[in-house]
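See structure below.
The values are calculated or read from the model by the stated rules, or taken from the named source; none is laboratory data. Owing to the predicted nature of the structure, the values given are computational and were not obtained by experimental measurement. Counting neighbours? That spans all protein chains shown, and the Cβs are built from the backbone with ideal geometry, glycine included. The area values use the complete protein model at the heavy-atom level, side chains included, leaving out ligands, DNA and RNA. Shrake-Rupley method; radii C 1.70, N 1.55, O 1.52, S 1.80 Å.
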Amino acid sequence: MDIQQITTYDVYKAAAENPEKGLCCTTTPVWKLPDLTVPSRMLEMNYGCGSTVNPRDLSGNPGILYVGIGGGMELLQFSYFSRKKGAVIGIDVVEEMIDACKANLVEAEKSNSWFKSEFIDIRKADALNLPLEDSSIDVAAQNCLFNIFRDDELQQALKEMYRVLKPNGRLILSDPTCEQNIPANLKNDERLRALCLSGALPLNEYIKRLTDIGFGTIEVRAKRPYRILDPIHYETDELIYIESCEICAIKDPVPADGPCVFTGKTAIYYGDNFFDDGNGHTLFSNQPLAICDKTAAALSALNRQDIFISSSTYFYDGGGCC
Ligand SMILES: C[S@@+](CC[C@H](N)C(=O)[O-])C[C@H]1O[C@@H](n2cnc3c(N)ncnc32)[C@H](O)[C@@H]1O
């Protein structure tokens, strides 16, 4: 193990033994679903910076992979939708985290009559080397882990997720992003990185890592304020603002004209009848159509006076053009 891995291991060993409420705080609400009760220790060990669980991805009893399990809250939430033995596979490198997670899941059985620990198959393994067959998973997820990785590790972790996903499978990610240049001294601070505070990439770079691996469709589902690194508490001259993003990367083929990246743009045609762009998009008068950034750029280039294109909301919830 190198220094970074040792630091990460130490941080999460400690976080497994003594739940640390503020470790990765999020403004994303915890799912409230009928008959779902999250045990309090599991809730205290919510070390994610968003949510990767979305019912829209989870119809048809999908096989689910979750990498970096923490206290198991999202494993339990995924199980809510895939209720059979081994339907959710959880991967983590930290033995103590695995033990804590297993104990939380046993506790969860007591307050969730539908739940059995055996729904979740927990394995000790590394995100960089997944112990799974190619094309074997429908939905893969990671929450607040990949930002810890350095460039080459991030690429390897994404490659692994891509490899194990079935065609059209979905990778759901939740990670901090930052549009400012995080100073090298903070970026190279192993502890800050392990705490998910200094490894954040700008959103466009993060998306590019995903499309470079081969994901043909990207959905930016949420972007929320996350943290401030200020000059009093951190070695930085300026205030650094970090956001947290929820993204879904779909293993679709990349279209010939490039990947479809949905950031929440919408086109509204306000002329008469309808407008057909000759490229598969029909806009009906005053009916909003969610469009990817590529389509937004193509429609803008037409310079028409009867099409409005909204800016990115970064809250894309499906229903788009491609
Ligand atoms: C910030 S926590 C997030 C936990 C969980 N995803 C959540 O949302 O609560 C990061 C998790 O990744 C695990 N981890 C760290 N390095 C890992 C690696 N190389 N492979 C797999 N898991 C790793 C840690 O033990 C910890 O459980």
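Per residue, the accessible area of the chain comes to 45 Å² when a 1.4 Å probe rolls over the protein heavy atoms. In this simple spin-label model, placing a label point 7 Å from the Cα along the Cα-to-Cβ direction at both Q305 and N185 gives a separation of 5.7 nm. Label point of K85 set 7 angstrom out along Cα-Cβ; within segment 107-133, amide nitrogens under 11 Å from it belong to 118-119. By the rule of a C-alpha distance below 21 Å, with chain neighbours fewer than 8 residues away ignored, the lysines paired with K116 are K32, K84, K85, K102, K124. Counting other C-beta atoms within 10 Å, and keeping those with at most 11, which DSSP coil trypsin sites (Lys or Arg not before Pro) do you find in segment 80-158? Counting only loop positions with at most 11 other Cβ atoms within 10 Å, the trypsin sites (Lys or Arg not before Pro) in segment 80-158 are K85. Cross-link reach is defined here as a Cα-Cα straight distance under 27 Å, omitting same-chain residues fewer than 8 places apart; for K294 the lysines meeting it are K159, K166, K208, K223, K251, K265.
The apolar share of the surface of the chain, taken as the fraction of accessible area on carbon and sulfur atoms (1.4 Å probe, ligands and nucleic acids excluded), comes to 50 percent. Mean residue ellipticity, 222 nm, helices only, the chain: the sum of -39500 (n - 2.57) across DSSP H runs of n ≥ 4, divided by residue count and rounded to 500, is -8000 deg cm²/dmol. When each of the peptides 194-200, 86-92 is scored by how many other beta carbons lie within 10 Å of its residues on average, the order from highest to lowest is 194-200, 86-92. Applying both filters, DSSP loop and at most 14 other Cβ atoms within 10 Å, to the chymotrypsin sites (Phe, Trp or Tyr not before Pro) of segment 108-167 gives W114. With a ≥ b ≥ c taken as the square roots of the eigenvalues of the C-alpha gyration tensor of segment 264-309, please select rounded if a/c is under 1.5 and otherwise prolate if a/b is larger than b/c or oblate if it is not? Rounded is the answer for segment 264-309, as its axis ratio a/c remains below 1.5. A simple spin-label model places pseudo-atoms 7 Å from Cα toward Cβ; at K32 and A297 they are separated by 4.2 nm. In whole percents, the pair-distance distribution calculated for the chain from its alpha-carbon pairs, binned every 20 Å from zero, is 31, 55, 14, 0.
The label-point distance for N168 and E133, in a model that sets each label 7 Å from Cα toward Cβ, rounds to 2.0 nm. Looking at the square roots a ≥ b ≥ c of the eigenvalues of the Cα gyration tensor of segment 68-133, which shape do they give, rounded for a/c under 1.5, prolate if a/b is larger than b/c, or oblate? Here segment 68-133 falls in the oblate category.
Bridging of K110 to aspartates and glutamates at a Cα separation below 19 Å is possible for D35, E44, E74, D99, E118, D121, once same-chain residues fewer than 8 apart are set aside.
Taking segment 244-277, which chymotrypsin sites (Phe, Trp or Tyr not before Pro) meet the DSSP loop condition and have no more than 15 other C-beta atoms within 10 Å? In loop regions of segment 244-277 (DSSP not H, G, I, E or B), the sparsely surrounded chymotrypsin sites (Phe, Trp or Tyr not before Pro) are Y270.
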